[in-house]
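Notes follow once the structure below has been shown.
The values are calculated or read from the model by the stated rules, or taken from the named source; none is laboratory data. No experiment lies behind these values; they were computed from the predicted model shown. Every residue, glycine as well, gets a Cβ built from its backbone with ideal geometry; the counts of neighbours run over all protein chains shown. When the accessible area is computed, the model is the full protein with side chains, heavy atoms only, and any ligands, DNA or RNA have been set aside. Shrake-Rupley method; radii C 1.70, N 1.55, O 1.52, S 1.80 Å.
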Amino acid sequence: MRDRTARYALLPLRIFLGVTFVYAGLDKLTDSAFLSASGPGSIGELMHGVRDTSAVPALVDLALKAPVGFAVALAVGELLVGLGVLAGLLTRIAATGGALISLSLWLTVSWAVSPYYYGNDLAYLMAWLPLILAGAPYLSLDGLLRSRRSRRTA
């Protein structure tokens, strides 16, 4: 029983992060206010609001050069990361993408949150690390592909 539990220990984390990132991506893609360069609830307003308090203002300035394009890229990135992790396809790569998204959000949007543990982006960044290290060997397309490859070589 202990071995089986250990084998599937990362599955709840995988499901949580996958569903959360799919939801976040879809939420952004379907929110016309967010996908605007300016106005209440827009990516532009958000980026202008965090620019002076972020750890890397140059990153915010880069996003402000094309705020709508940045918003679409962020949303599509979240969606692809979430789907990849849920399916367990190229899981380590998808988790690395999720970690990079979380890192960039922590350094920009959540940086000024005090105390630091109130900001969720740092926690998401840390949550991606086990999936980067271990991947998704069970209940995943990665595991299925690995077992098919091993049968062919045997």
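Just a few scattered comments:
- Qualifying residue in the range 132-144 (condition: part of a helix (DSSP H, G or I) and within 15 Å of the chain's Cα centre (by Cα)): yes
- Failed criterion for VAL76 (all others in (1) more than 24 Å from ALA9 (Cβ to Cβ); (2) open to solvent by 50 Å² or more (accessible area, probe 1.4 Å); (3) over 12 Å from the mean Cα position of the chain (by Cα) hold): (3)
- Any hit, the range 135-142, residues being open to solvent by 60 Å² or more (accessible area, probe 1.4 Å), out of contact with any helix residue (DSSP H, G or I) (no Cβ under 9 Å at 6 or more places or on another chain) and modelled with pLDDT under 95: no
- Counted residues, the range 39-54 - those being touching a residue at least 12 places away in the same chain (Cβ under 8 Å) and open to solvent by 40 Å² or more (accessible area, probe 1.4 Å): 4
- Neighbours by Cβ (under 9 Å, 6+ apart or cross-chain): first from the range 63-87, within 17 Å of VAL109 (Cβ to Cβ); second aromatic (Phe, Trp, Tyr) and not in a helix (DSSP H, G or I): ALA71/PHE34; ALA75/PHE34
- When THR91 is tested against the conditions (1) touching a Lys or Arg at 6+ places or on another chain (Cβ under 8 Å); (2) surrounded by fewer than 19 Cβ atoms within 10 Å (Cβ to Cβ); (3) of a type in the set (S, T, N, Q), the lone failure is (2).
- Unmet criterion (only one of (1) more than 18 Å from the chain's Cα centre (by Cα); (2) closer than 26 Å to LEU35 by Cβ; (3) open to solvent by 60 Å² or more (accessible area, probe 1.4 Å)) for LEU83: (1)
- The range 3-35 - residue that is surrounded by 14 or more Cβ atoms within 10 Å (Cβ to Cβ) and small (Gly, Ala, Ser) and, of those, farthest from ALA75 (Cα to Cα): GLY18
- Long-range neighbours under 8 Å by Cβ, at least six apart or interchain, first residue farther than 17 Å from ALA71 by Cα within the range 97-119, second assigned to a helix (DSSP H, G or I) and open to solvent by 50 Å² or more (accessible area, probe 1.4 Å): ALA99/LEU129; TRP111/THR53; ALA112/THR53; TYR117/ALA123; GLY119/TRP106
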